[in-house]
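For reference, the structure discussed in these notes is given below.
Derivation of every value follows stated rules applied to the coordinates shown; laboratory data play no part. Everything quoted here is computed from the prediction, not taken from an experiment. With ideal geometry, Cβ positions are generated from the backbone for all residues, glycine too; neighbour counts draw on all protein chains shown.
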Amino acid sequence: MGFLSKKSVHATNSIRELDGIAEKMREGGRKITKLNIGDPAAYFPTPKYIIDAYVEALREGRTSYSTSHGIKELTSAVSARYKRMYNLDSSNEDIMVTQGVSEALMFLNSALIDNGDMAITFKPYYPEYLSHLKLNGGDMLFENYEESRGWEIDTDRLERSLAKMRSDGKIKKVKYMILANPNNPTGTVLGRKVLGEIADLASEYGIFLISDEIYDEIIYNGFKFTSMCEVAKGIPHMILNGMSKDYDSTGFRIGFMIIPEDDKKSAEFKRKMMDYSATRLSSNTPAEYAAAEALNNVAAHKRAVGKMVREIEDRANHAVERLAENRYIEVVRPNGAFYILPRIDLKALGFGNDRDFIHTVLEKEGIQLTRGSGFGGPSHIRIVALPPKEILDYAINRLNVFCKKRAGR
Ligand SMILES: Cc1ncc(COP(=O)(O)O)c(C=O)c1O
């Protein structure tokens, strides 16, 4: 019998897997350009009004444990945000504060999943959905975003799959369906019609729906965002969100979950999440006070997020244009978040898989990318379009020249 559990192999994160090699290269004097981490605070300083609120909370001595499920100031601010933005009526009991969406994923999987249970997500997906499900003994059933349709979800195809799962008897094992909108790693923003159809299918097949909307204000190219809570009224669902992206505060480690409905599943789930919150005592107390101010100071937030999103739009569109110059790359333009997932013609470049590709690009060019296969999208690479345009230009130039050289090898 080994010391570590068998399931511990699922504690992985492909986004950071080249960090060790990159660090050694840097120590050896090589210049490394990182395009792998989706951390806005590394490129856009966290807004001053949020920092001031954090400092003030510390000065006021707010340094003890807080209420496990979140301070009332923050749950009320979350409720007000959702009323303001999506006309959602929610009470403090529907909302729980977590240490990032990451902790919400740990809690919800532990609470819902026994060995052999299943969940549904769409490829390419955010990898931590799979890690936390598998760590709890669950298995993922994969549906697809259709690359040829601009990474859209084909709901007719989803319906056929669900019908098959029902006839196979699998549907009984499915505890939830999860998706990120906007999506990481494709930057896809799903429209109201598709979201409504997904919600209706979840309802028809009795599947609890989880919508991770952590990028819900990072929307551009004229797109309009619809929250799942707007189209899933009366349908059991949960919304995940937090401070990391829209509020540019990744290191605060504050997230929140909202379960707006009161059907039997939702009510049971809400109560259980409260139990989970008590197992880790509380979230970061001063950060919770800062988060309440971040959400409540709507004017300051609008200014900060508006400026950041305009920059991201410019950088992402610029990166797409530069990538499109590369004949070995096919790229779908993102309309939200800050990721691009180009397809690479690995065969033409003499690579067997995307893992070898990103290793070689790091070793030869000093550019750190993430492999698409880590997101269920093999033959792709994920590029984070947060750095300033001159850095994106430098990295994409090197990538483009590298591909040209490889093709003519
Ligand atoms: C879709 C998605 N969900 C959740 C997270 C993690 O969020 P948090 O910082 O709140 O743990 C990320 C981070 O990149 C993400 O892309």
> Once the Cβ-Cβ distance between Glu56 and Arg303 is put in as r, and R0 is 22 Å, what FRET efficiency do you end up with, to the nearest 0.05?
Replying inline: 0.65
> Where the centre of each part is set by its Cα atoms, how far does the range 83-97 sit from the range 138-205, in angstrom?
Replying inline: 25
> How far is it, in nm, from the label point at Arg409 to the one at Tyr65 when both lie 7 Å from their Cα along the line to the Cβ?
Replying inline: 5.7
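Would you please give the FRET efficiency between Arg310 and Tyr49, computed as 1/(1 + (r/R0)^6) with r the Cβ-Cβ distance and R0 = 22 Å, to the nearest 0.05?
Details: r = 19 Å, r/R0 = 0.85.
Approximately 0.70, to the nearest 0.05.
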>> What aspartates and glutamates does Lys31 reach when the alpha-carbon gap must be under 14 Å and sequence neighbours fewer than 8 apart in one chain are set aside?
In response: Asp19, Glu23, Glu363, Glu365
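Before anything else, pin down the relative contact order of the chain: Cα pairs under 8 Å, at least 6 apart, normalised by residue count, whole percent.
Computed over the chain, the figure is 23 percent.
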> Using the Karplus equation 6.51 cos²θ - 1.76 cosθ + 1.60 (θ = phi - 60°), what ³J(HN,Hα) coupling, rounded to whole Hz, does each residue of the range 34-45 give in order, writing x for Gly and Pro?
Replying inline: 8, 10, 10, 10, x, 10, x, 5, 6, 10, 10, x
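Of Met228, Met25, how do they rank once you tally other Cβ atoms within 10 Å and put the fewest first?
Met25, Met228
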> For the chain, which DSSP H helices look membrane-span-like by this rule: Cα extent along the axis of 15 Å or more and mean Kyte-Doolittle of at least -1.0?
Replying inline: 48-59, 72-86, 100-112, 192-204, 285-296, 298-324, 354-365, 389-407
> Once the chain is represented by equal point scatterers at the alpha-carbon sites, with solvent omitted, what log10 I(q)/I(0) does the Debye formula produce at q = 0.06, 0.08, 0.11 Å⁻¹?
Replying inline: -0.24, -0.44, -0.84
>> Place a point 7 Å from the Cα of Asn115 along the Cα-to-Cβ direction; which residues of the range 161-205 have their backbone N under 18 Å from it?
In response: 173-174
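Within 10 Å of each residue's Cβ, count the other Cβ atoms and sort Tyr215, Tyr86 from fewest upward.
Numbers: Tyr215 27, Tyr86 19.
Ranking Tyr215, Tyr86 by Cβ neighbours within 10 Å, fewest first, gives Tyr86, Tyr215.
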> Roughly how big is the range 64-297's charge dipole about its Cα centre, with Cβ charges of +1 (Lys, Arg) and -1 (Asp, Glu), in debye to the nearest 20?
Replying inline: 320
> Amide H to amide H, which residues 5 or more places from Tyr145 or on other chains are under 5 Å from it, using H placed in the peptide plane?
Replying inline: Lys123
>> Taking the beta-carbon count within 10 Å as an exposure proxy, list Met96, Met257, Met106 from fewest neighbours to most.
In response: Met106, Met96, Met257
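For the range 140-252, give the share of DSSP beta bridges that are antiparallel, in percent and rounded to the nearest 5; count only bridges with both residues there.
Details: 2 of 11 bridges.
Here the antiparallel bridges make up roughly 20 percent for the range 140-252.
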> Once both labels are modelled 7 Å past Cα along the beta-carbon direction, what's the Glu321-Lys364 spacing in nm?
Replying inline: 2.7
>> Can you say what percent of the DSSP beta bridges in the chain, counting only those with both residues inside, are antiparallel? Round to 5.
In response: 45
> Based on the mean of other beta carbon atoms within 10 Å per residue, what is the order of 66-77, 330-341, most packed first?
Replying inline: 330-341, 66-77
>> From Cα pairs below 8 angstrom and at least 6 apart in sequence, can you work out the relative contact order of the range 64-297, rounded to a whole percent?
In response: 29
> If you find the alpha carbon centre of the range 329-345 and of the range 1-66, how far apart are they in angstrom?
Replying inline: 24
> Cross-link list Lys164/Lys272; Lys6/Lys170; Lys170/Lys270; Lys170/Lys347: which exceed 28 angstrom alpha carbon to alpha carbon?
Replying inline: Lys164/Lys272; Lys170/Lys347
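Grab the Cα-Cα distance for Ile32 and Ala80, subtract it from 0.36 nm times how many residues apart they are, and report the gain in nm with one decimal. Each step should come with its number before you reach the end.
On the way: separation 48, 0.36 × 48 = 17.28 nm, distance 4.28 nm.
Between Ile32 and Ala80, full extension yields an extra 13.0 nm.
Taking only the Cα atoms of the range 299-409, how large is their convex hull per residue, in Å³?
Working: hull volume 10.8 nm³, N = 111.
Residue-normalised Cα hull volume stands at 97 Å³.
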> Under a 5 Å amide H to amide H cut-off, with H placed in plane at 1.01 Å, what residues pair with Thr98 once short-range neighbours are removed?
Replying inline: Gly255, Phe256, Met257
> Among Ile207, Asn183, Pro260, whose Cα sits farthest toward the positive end of the charge dipole of the chain (+1 at Cβ of Lys/Arg, -1 at Cβ of Asp/Glu, about the Cα centre)?
Replying inline: Asn183
> Which stretch or stretches of the range 168-197 have amide N atoms under 17 Å from the point lying 7 Å from Arg160's Cα along the Cα→Cβ direction?
Replying inline: 168
